[in-house]
Structure formats: structure tokens, C-alpha cells
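What follows is one structure encoded as C-alpha cells, with my remarks underneath.
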Amino acid sequence: MTQWLLDRTFRTASGDEVRWAALGEGQPDAPAVVLLHGTPFSSYVWRGVARALAARHRVFVWDMPGYGTSEQRADQDVSLAAQARVFAELLAHWGLATEAARPAVVAHDFGGCVALRAHLLHGARYARLALVDPVALAPWGSPTYRLLGAHPDVFAQLPPDLHRALVREYVSSASHPGLHPAVLDRLVEPWCTDAGRPAFYRQIAQNDQRFTDEIQERYGELALPTLICWGTEDTWIPPTKGHDLASRIPGARLRLIEGAGHLVQEDAPAELAAVLGEFLAGTG
């Protein structure tokens, strides 16, 4: 598969090493866009969309602490609250924390909660916000997700081969048409190392619904152009959540992506890139 390399590092206030990269830097005056991934994924799922958007934007991508190529360690705080604080730190590090430098933000799955918390609780400023099948409204978390989160110590004792099979099946279920085997391997591998196996269950155990409960009654305060995209075949978070979320955000528009599951970036990358490109240009 096409190479995807996060070639830069950032040390967070809590000591975690975060890997990140920027595309489209040859156009310093182009507007900035930041892409946030969800769980149990990494910035890799954004590779196609990121490269498409980089034709007209400076695109920033990162693996959240505990995910992808970023640091994984015991006792690490990888909660949604912690990720939102790290995101606010990164915006400052990238020079995107001022009113004049506000980036557009595109966030998938629990990256949606991270972006919303950073904005509503930590004062992060965005020019535009696109939420793709986001974790934003209670209740969320499939029965499998809740089972894994309730018993992380038990599941962490699975033999490596059984653990890998579990993660492969779980990640596969995020796609409606099915993932290319090489893509599936790339998404699964970070969770199958000595550090990655406990990290997989740790991040699920820490992602409590209270992190959306704390903010979901404040979505009416959002005062920026907002787009909500949703795969019509999402079995992780049903499209009805998209309609509900759009009704809570003033002026928000909902775009349904036909035939796509929860991983819209993999199931319909060209269509998603086109929709996002129009939105970021202010024409869609």
C-alpha cells in the first residue's frame, strides 16, 4: 500500500510523544486543515483524503497518544479528556491557536468528541468544523465495545493470536464493503505489539460516556460553519445520530454518504474528499 509516514514528533505536557506530519507545505499561504482520527484507528485512515485536500490546503495529521505510531505505555491517560488537551497543545505548536490562524477541523469517530471538547472547554478556535460519523451523543459504544471496556485486564490476557483475531474482526466491522487486506493489516498491527495489546484495551476502558455527557448540551453554542457527514451503512453509530446532532448545532448541514459504513474514509474516499473540499472552500 502507499507509504504513510508521520515524520515529526511533539512532546505533550504529560510527557507523551505524538507523531505528526504536514502535507501541502509548499503553499504557506494556503488555509490550514487538521484531520482527527477515531478509535481504534490512526491517521492512516485519512491518507487518501489528506492527499486530495493538500492540493489546496496545508493539511496536518497526527496519531493521538496511544494510537498508531504515537507512544503507547502503561498508565497512560488516553481518555477523550486527555486527547482534547493534547489537541489544544498541538494547535499552539503548529501556530494555529490564534484567531487569525484558525484552521478548519475535520474529525472522525471519537475525534469528533476530541475536537468538540477542545473547542467548547479549552477555547480552541476553528474556521470550520466537519464531523464524520462522530462520537458526540449518548448513548454510544456497541455491546462489544462496552464488554471490552468493562474487562480490560481479562481480555489483555488473551494469547497473541486470539488477540489479533479479535482486533481484526472488530476493525473489519467498521467497513461496509470490507477493507483491503493490506489496509486491515496496517490498522491492526499497532495493537498487536507487546505495548499495543494492553493499549488496545486501555483506550476502550478509559473512553467513558461522561466525556460526551459533559458537552452535548452545549452544541447549541457552536457558532461556526459545521458539516456532518455520515455513512448510510454505519453499524457502529447509526445515521439517525447524524440527524439528531445536526438538529442541535445551529446551521449545521448533514450529508449522507451512500453505501459507506463507519469508516467512510476507506469505503468512499473520493466522495468524502469531494464533499469536504466543497465545504472547506465555502461552496458546499
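Spin-label pair GLU99-GLU214: with each label point 7 Å from Cα along the Cα-Cβ axis, the two points sit 2.7 nm from one another. The label point for ARG8 and the one for HIS180, both projected 7 Å from the Cα toward the Cβ, are 2.7 nm apart. Computed about the Cα centre, the dipole magnitude for region 187-284 is approximately 240 debye when only Lys and Arg (+1) and Asp and Glu (-1) carry charge, each at its Cβ.
Shown in residue order for region 181-187 are the 3J(HN,Hα) couplings computed by the Karplus curve 6.51 cos²θ - 1.76 cosθ + 1.60 at θ = phi - 60°: x, 5, 5, 4, 4, 5, 6 Hz (x for Gly and Pro).
Less than 5 angstrom separates the built amide H of HIS176 from those of GLY261, HIS262, LEU263, all sequence-distant by 5 or more or on a different chain.
Taking only the C-alpha atoms of region 186-284, the Rg (one decimal) and the largest Cα-Cα distance, Dmax (whole number), read 16.4, 47 Å. Each Lys and Arg adds +1 at its Cβ and each Asp and Glu adds -1 at its Cβ; summed about the Cα centre, the chain shows a dipole of about 460 debye.
Taking only the C-alpha atoms of the chain, Rg followed by Dmax gives 17.4, 51 Å. For region 156-247, trypsin sites (Lys or Arg not before Pro) meeting the loop criterion (DSSP other than H, G, I, E, B) and having at most 11 other Cβ atoms within 10 Å: none. With helices as the sole contributors, the chain gives -10500 deg cm²/dmol at 222 nm; each DSSP H run of n ≥ 4 counts as -39500 (n - 2.57), and the sum is divided by every residue. Mind checking which of ASP75, ASP185, ASP267 has the largest fluctuation in a GNM of the chain, springs on alpha carbons under 10 Å? Looking only at ASP75, ASP185, ASP267, the largest GNM fluctuation is found for ASP75.
Amide H to amide H distances under 5 Å link ALA32 with ARG58, ALA104, where only residues 5 or more positions off or on other chains count and H is placed in the peptide plane. Net charge of the neighbourhood of VAL45, taken over other residues with C-beta under 12 Å away and scored Lys/Arg +1, Asp/Glu -1, is -3.
Readers should treat all values here as calculations from the given coordinates under stated rules, not as data from a laboratory. Keep in mind the model is a prediction, meaning the values are calculated, not measured. Glycine gets a Cβ as well: all are built from the backbone with ideal geometry, and neighbour counts include every protein chain shown.
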